[in-house]
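Structure first, commentary second.
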């Protein structure tokens, strides 16, 4: 059943008012959102998107392009149509949540009640960084560390873990770096953009440009920290998520 493949809920609540579908960053899995159900009110039921190539889906190939991946996730949404849902995505996850919402609209299905995008410049803005996913392994690792400083030290120190981690990370970056934005009408749902005040990869003006993607209300909020501020400023972020959703 699709719901078991794509959607993971650590703390189900049949009485929740709203489901929050959470899309991880490149290289991330369901564990990115492990603490969220305990720190958000019971009215919000947290579902992490379980992507191929990680967690319980290690042997499954990652689709070659982001719209195809978004469409595959949309295929599994049927069981969720009984109550409102919102989407949160960080970095790669923000792009994926955006394309997921647009795919639902193309199908005439229920759309998110709100789109929460984090640490990602608006999709219509051109890419400014040189691509990484085609680089040989040493340069790929060095480029990731220089740009994101996001590979955990425990993985860097273990060659076997790195060999498991790198193909998935390279495939995720291929999704980002080959993404081609296609102009469509703005979404009906409100958009809230979050970012790290010290994040050089998603500047405030680039986050503010998400406003063009919604006919609804727009809000922008910055937190202390860089690209992975959601790890260091999690209490502040979750307070803002709760305020945006309830």
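Structure notes:
- Of the helices (runs of 4 or more DSSP H) entirely within the stretch 143-234, those holding at least 2 residues that are loosely packed, with under 15 Cβ neighbours inside 10 Å and modelled with pLDDT under 90 occupy 153-156, 159-177.
- Within the stretch 11-25, one or more residues are assigned to a loop (DSSP other than H, G, I, E, B), under 19 Å from residue 237 (Cα atoms) and in contact (Cβ under 8 Å) with a residue 12 or more places away in the chain.
- Selection from the stretch 75-99 of residues that are without any contact (Cβ under 8 Å) to a residue 60 or more places away in the chain and more than 20 Å from residue 29 (Cβ to Cβ): 81, 82
- Scanning the stretch 14-39 for residues that are modelled with pLDDT of 95 or more and on the phi > 0 side of the Ramachandran plot gives no hits.
- Residue match in the stretch 59-76 (condition: surrounded by fewer than 16 Cβ atoms within 10 Å (Cβ to Cβ), more than 17 Å from the chain's Cα centre (by Cα) and farther than 29 Å from residue 162 by Cα): yes
- Residues in the stretch 50-62 that are farther than 13 Å from residue 169 by Cα, assigned to a loop (DSSP other than H, G, I, E, B) and in contact (Cβ under 8 Å) with a residue 12 or more places away in the chain: 1 in all.
- Selection status of residue 120, in contact (Cβ under 8 Å) with a residue 24 or more places away in the chain and surrounded by fewer than 17 Cβ atoms within 10 Å (Cβ to Cβ): no
- Residues of the stretch 154-197 that are touching a strand residue (DSSP E or B) at 6+ places or on another chain (Cβ under 9 Å) and more than 22 Å from residue 104 (Cα to Cα): 194, 195, 196, 197.
Yes or no, residue by residue, for (1) over 13 Å from residue 176 (Cβ atoms); (2) touching a strand residue (DSSP E or B) at 6+ places or on another chain (Cβ under 9 Å); (3) modelled with pLDDT under 95:
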{"site": "96", "(1), (2), (3)": "no, yes, no"}
{"site": "103", "(1), (2), (3)": "yes, no, no"}
{"site": "112", "(1), (2), (3)": "yes, yes, no"}
{"site": "124", "(1), (2), (3)": "yes, no, no"}
{"site": "128", "(1), (2), (3)": "no, no, yes"}
{"site": "132", "(1), (2), (3)": "no, no, yes"}
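- Scanning the stretch 26-44 for residues that are in contact with a strand residue (DSSP E or B) (Cβ under 6 Å, 6 or more places away or on another chain), free of Cβ contacts under 8 Å to residues at least 40 places away in the same chain and within 20 Å of residue 239 (Cα to Cα) turns up 33, 37.
- Matching residues, the stretch 77-93, being surrounded by 15 or more Cβ atoms within 10 Å (Cβ to Cβ) and more than 23 Å from residue 240 (Cβ to Cβ): 77, 80
- Matching residues in the stretch 101-113 - criterion: being part of a loop (DSSP other than H, G, I, E, B) and in contact with a helix residue (DSSP H, G or I) (Cβ under 6 Å, 6 or more places away or on another chain): 111, 112
The values are calculated or read from the model by the stated rules, or taken from the named source; none is laboratory data. None of the values given here were measured: they were computed from a predicted structure. Virtual Cβ from ideal backbone geometry, glycine too; neighbours counted across all protein chains shown.
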